[in-house]
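Report on one structure; see the data block that follows.
The values are calculated or read from the model by the stated rules, or taken from the named source; none is laboratory data. What you are looking at is a predicted structure, and each value in this text was computed from that prediction instead of being measured. Cβ atoms come from the backbone with ideal geometry, glycine included; neighbour counts cover every protein chain shown. Heads up: the accessible areas ignore ligands, DNA and RNA and are worked out on the full protein's heavy atoms, side chains in. Shrake-Rupley method; radii C 1.70, N 1.55, O 1.52, S 1.80 Å.
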Amino acid sequence: MQHRRWPRRPTGWRRTFARLPVHLYRIGLGWLLGRRFLLINHVGRRSGAPRTVVVEVVAHDPQAGTWTVASGFGPDADWYRNLLATPQVTIQVGRRRLPVTAERLSPEDAASAMAAYGAAHPRTARRLATFMGVDVDGSVADFHALGRSIPFIKFVPR
């Protein structure tokens, strides 16, 4: 399964709307987003300036303390490229701030993560696939194939 195209990054009012979760975290209301979203505090790879982004959680392993996320805008998303350049970041889930190291998942591990996410959240996973320009039938095999083409990051405690 190949992507037809990566979605274009939002601009204008859509970008403002997409950034609302960041503002919730800034005013101390990030807990309203529950454990389905987390805030990444990272550094711009060129500017060195602090950056923030809120992304959806694909998987969380409470025993290992890891959190896994995907870049729905592909490998050229700024936050993803910034994490590859400087993987020592801080994430915030609800009110908790955690120092972590960002690790890129292998295509096989990413495929397994996407298949598990699709099984746990079938409607949301199908909408995500449609957003990325991919038709999926909702099967584990389709989500597994989709996961091979999406960049995934796992946050590991430092």
Go through V93, P75, I153 and say which Cα lies farthest out towards the positive end of the charge dipole of the chain; charges sit on Cβ, +1 for Lys and Arg, -1 for Asp and Glu. V93
At most 15 other Cβ atoms within 10 Å and a DSSP loop assignment: could you name the chymotrypsin sites (Phe, Trp or Tyr not before Pro) in the range 1-102 that fit? none
Cut-off under 5 Å, modelled amide H: who pairs with V43 long-range: R51
Just the number, please: carbon plus sulfur as a percent of the accessible area of the range 28-158, 1.4 Å probe, no ligands or DNA/RNA counted. 53 percent
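Can you tell me the relative contact order of the chain? Whole percent, Cα pairs under 8 Å, sequence separation 6 or more.
Numbers: 282 pairs, mean separation 44.1, N = 158.
Rounded, it is 28 percent for the chain.
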Positive-end residue of Q63, G138, V22, charge dipole of the chain with Cβ unit charges: V22
DSSP loop (so not H, G, I, E, B), at most 15 other Cβ within 10 Å: list which chymotrypsin sites (Phe, Trp or Tyr not before Pro) in the range 114-158 pass both filters. none
Might you work out the accessible area of V93 for me, using a 1.4 Å probe with all protein chains in place, and round it to the nearest 10 Å²? 10 Å²
Relative compactness, the range 114-158, computed as alpha-carbon Rg over 2.2 N^0.38 Å: 1.19
As a check on your grasp of the helix formula, calculate [θ] at 222 nm for the chain: sum -39500 (n - 2.57) over DSSP H runs of n ≥ 4, divide by the residue count, round to the nearest 500. -10000 deg cm²/dmol
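May I ask you to list the trypsin sites (Lys or Arg not before Pro) in the range 70-154 that are in a DSSP loop and have at most 10 other Cβ atoms within 10 Å of their Cβ?
Numbers: sites: R81, R95, R96, R97, R104, R123, R126, R127, R148, K154; in loops: R95.
Sparse-neighbourhood loop trypsin sites (Lys or Arg not before Pro): R95.
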Spelling out what I want: for every residue of the range 57-64, take phi, set θ = phi - 60°, compute 6.51 cos²θ - 1.76 cosθ + 1.60 (Karplus), and round to whole Hz; glycine and proline get x. 7, 8, 8, 9, 10, x, 5, 7
Unit charges on C-beta of K, R, D, E only; dipole of the range 24-158, Debye: 680 debye
How far apart, in nanometres, would the label points at D61 and R14 be if each is projected 7 angstrom from Cα along the Cα-to-Cβ direction? 3.5 nm
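What accessible area per residue comes out for the chain, rounded to a whole number of Å², with a 1.4 Å probe? Provide the component values of the computation, followed by the final result.
Values: 8950 Å² over 158 residues.
On a per-residue basis, 57 Å².
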In Å, descending, principal axis extents of the Cα set of the range 23-137: 41, 31, 28
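At a Förster radius of 22 Å, what calculated FRET efficiency corresponds to the Cβ-Cβ distance of T86 and A119, to the nearest 0.05?
0.10
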What the 5 Å binned alpha carbon P(r) of the range 74-140 shows, as percent of pairs per bin from 0, is 4, 14, 16, 19, 21, 18, 7, 1
